[in-house]
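The structure under discussion appears below in the form of structure tokens.
Quick note: the coordinates plus some simple rules give every number you see, no bench work behind them. Everything numeric here is computed off the predicted structure, so don't read it as measured data. Virtual Cβ from ideal backbone geometry, glycine too; neighbours counted across all protein chains shown.
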Amino acid sequence: GAGGAGGAFPAAANPRGQQHPPAKEPMPGVRAAPPRAEPPKRAYWLQRTLREAIYGRVKYAVVLRRRAESAIPLSQAMSPDGGGGVPTAEWEVTDEKCAVKEMSWNHIRRERSRLAEDPIKEVSAMQHLSRYHQRLRDELRGGGGGAMGAAGNDDYGGNGSDAMMDTHIMMPLDLLSDDRFLYSVMPYCNGGELFDRLDERQKFTEDESRYWMHQILSGVENLQRAGVCHRDMSLENLLVHNERLCLIIDMGMCLRIPYETEEEPRDGIVAGGTSQEGNLDTAGMMNSFAEMSVERVIPSGAGYAGGAGYITTTERLDHLDRRKNGVQRYLMRPQGTCGKWHYMSPEIAQNKTPFDGHAVDMWATGVILFLMLTGFPPWERPCKSDDRFKYMTAGYLVQMLTEWELGLSPDAMDLLQRMLWIDPRDRLSLEQVRAHPWMVNGRMEMPAQSRAAAFVAGGIRG
């Protein structure tokens, strides 16, 4: 299971908090994958439901491992001569925990074309990110190991999971399917959403906001390097782990940002099980994630021209991914209005002109910073009929926040203004935000412990 292929997979929950002794297969609530040449090494025992999701639910799970002395070929174990058709291999309960997103194939077939959030796009994007960052780690080590997660990570809870936390992006540990569900296995984050922590505290100090902002920017940077536009960045889509780390989640609306010279393979999905979906319609996934309709970025010009959506690569707008060595990025044609209104950029809300994926995510990151510093959203909707949006994005943000006597420093207000201009050409890039005096000169304060941290294991966003 941990390598993607052949993972045993559970189907039922056990009472919360109950101790689970080693048991012989079949264990109640644990179902093995179809027979293969080699037995599965890992199973996921589904426990309680953490939360409902659009296409199903997210469940807390315990990782089971096959006992080494019992690891006989599953085909032999299931043969009449090997035990009357009843597998004899034993499983043992580990201390490892994970979250399993269980998505109904019937729901996916029925709703995927209608809803903005696409579960196939999500798992495809997560695997793309996993492979991309594994290759980077291999290059840094000078080695050539396999991809992590569903493409071959056997170190869940160890180096693979730690490396995933370093990217500040949620990636898959495993991907399985059967005739009823698609299962995405992910690390279990025990701190809940960053939104809940802010709601509990009302607002963060500037030093604490800066602490989280550095991590959020690291996650966005890793998305940009991998050529991914999230399109739904929000406090609700940031999970906290161990009170000090945050990860970007929910890739269901993301887009693959195309470049003039594609450096990354356009991979589909690698499933760990079998299903009636066969290869899970990889061609459809590539259309939704990798083969986006685009307009070319022109290296010179004056911004939007003739409705074509050209964007310059001048110093004023430098959202260019420097790891691409200056290769020109493409703008994407309107893909529909999506995301949450408070965080949505005006170009996504209007859905009329081609947009820059980097600028869209940096806009949402600016709104996240505004919420952390003030405790309330800057506006209700990103349209000129909203007076706060109209004036803040036209250059009056500092004046308005000063008049409201919120006690923010001049540098904090200046950064917010520079991230939230209505014209994407005027907004700061990620590199420019990192170099801003508020980010560079201020101290960072470790986040205060949440009230729930001592007794609840948090949740994961579906």
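Each principal axis of the Cα atoms in the range 395-451 has its own extent, and those three values, largest first, are 39, 30, 23 angstrom. By the count of other C-beta atoms within 10 Å, a proxy for reagent exposure, ASP232, ASP207 are ordered fewest to most as ASP207, ASP232. Here the gap between VAL327 and ARG48, fully extended at 0.36 nm per residue and compared with their Cα-Cα distance, gives a gain of 95.7 nm.
Tell me, what is the FRET efficiency for GLN202 and ARG67 to the nearest 0.05, using R0 = 41 angstrom and their Cβ-Cβ distance as r? Present the calculation step by step, with values, prior to reporting the outcome.
On the way: r = 50 Å, r/R0 = 1.23.
Taking R0 as 41 Å, the efficiency between GLN202 and ARG67 is 0.20.
Here the Kirkwood formula, the inverse mean of 1/r across different C-alpha pairs, assigns the range 179-242 a hydrodynamic radius of 13.7 Å.
Given a Förster radius of 41 Å and the C-beta distance between TYR396 and ARG434 as r, what FRET efficiency does 1/(1 + (r/R0)^6) yield to the nearest 0.05? Could the numbers behind the result be given before it?
Details: r = 25 Å, r/R0 = 0.62.
With R0 = 41 Å, the Cβ-Cβ based efficiency is 0.95.
Between the beta carbons of ARG388 and ASN242, assuming R0 = 35 Å, the FRET efficiency works out to 0.45 to the nearest 0.05. Do any of LYS41/LYS97; LYS203/LYS390; LYS59/LYS203; LYS203/LYS384 go past 18 Å between their Cα atoms, and which? Going by Cα-Cα distance, LYS203/LYS390; LYS59/LYS203; LYS203/LYS384 fall outside the 18 Å limit. Counting neighbouring Cβ atoms within 10 Å and putting the fewest first, the residues MET233, MET413 line up as MET413, MET233. Report note on the peptides 121-131, 394-404: ranked by the mean count of other C-beta atoms within 10 Å, highest first, their order is 121-131, 394-404.
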